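Okay, structure first, notes after.
The values are calculated or read from the model by the stated rules, or taken from the named source; none is laboratory data. Since we're looking at a predicted model, the values are computed, not measured. Neighbour counts run over all protein chains shown; Cβ positions are idealised from the backbone, glycine included. In case anyone asks, the SASA skips ligands and DNA or RNA and just uses the protein heavy atoms, side chains included. Shrake-Rupley method; radii C 1.70, N 1.55, O 1.52, S 1.80 Å.
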Amino acid sequence: MVVDSFSTDKTVEIAREYTDFIIQREFDYPSFQKNWAIPQATHEWILLVDADERVTPELKSEVLEILKDPGKDNYVAYWIKRMNHFMGERIHYSGWRNDKVIRLFHRDQCKYDDRHVHEEIVTPGKVGILKNKFYHNTYTTFDAYINKLNRYASWQAEDYDKKTKRLTPYHFIIKPLWAFFKHYIIQSGFRDGVPGLVIGYVQAYAVFMRYVKLWLFRKNRK
């Protein structure tokens, strides 16, 4: 099944080469879209793959093996680690080293939380972890990546409005500086070369923009 948000490129045309099960719906934000899509699936188990992820042959074989008897270990979902790439380079550090997401799960026992950004599966059951990884490349061009961060910052403003009190210089200065220091120094982003430096910078920028967007949100401005 392919869920398309009325894309204007050749997404649907390409998808039709592989499946006739294509459904379209206007995009709100990730968790809402995914929670709408999950009940549309015709099978009990779902492998959810974002547009910037690829299933490696090794991961495919592992998933198919699990689905031969998915209930044998009483798991209702599985974590899948990701091999992250940025600016054409494999990222080994920068806070992305242990990146993982729950993407193989039982349709009727799992759903996403209601966060606008960095949504995660919620389930009352046991969660396992797979050995093999997704190939993940969230980067197309630098301009596109910055636009994505700005879009995420707008969504996060609504999430953070519920838990952030009065905005102060701490939010606009200290937190962005800490984000850079964490990703570049503590999480060894410097070992990833120029891409690691850029990741540290854009993470700081993302935090700064989150609170700018929150300030604008509270002022009912754009």
### Query
Has segment 140-160 got any residue that is open to solvent by 50 Å² or more (accessible area, probe 1.4 Å), of a type in the set (D, E, K, R), over 20 Å from Ile91 (Cβ atoms) and modelled with pLDDT of 95 or more?
no
### Message
Condition first: hydrophobic (A, V, I, L, M, F, W, C), under 16 Å from the mean Cα position of the chain (by Cα), buried (at least 18 other Cβ atoms within 10 Å of the Cβ) and modelled with pLDDT under 95. Can you find one or more residues in segment 120-134 that meet it?
### Response
no
### Summary
Expected single match for in contact (Cβ under 8 Å) with a residue 12 or more places away in the chain, in contact with a Lys or Arg (Cβ under 7 Å, 6 or more places away or on another chain) and of a type outside the set (Lys, Arg) among Val117, Val122, Val127 is Val122
### Options Lys175, Lys213, Lys182; residue that is over 20 Å from Asp161 (Cα atoms), basic (Lys, Arg) and part of a helix (DSSP H, G or I)
Lys182
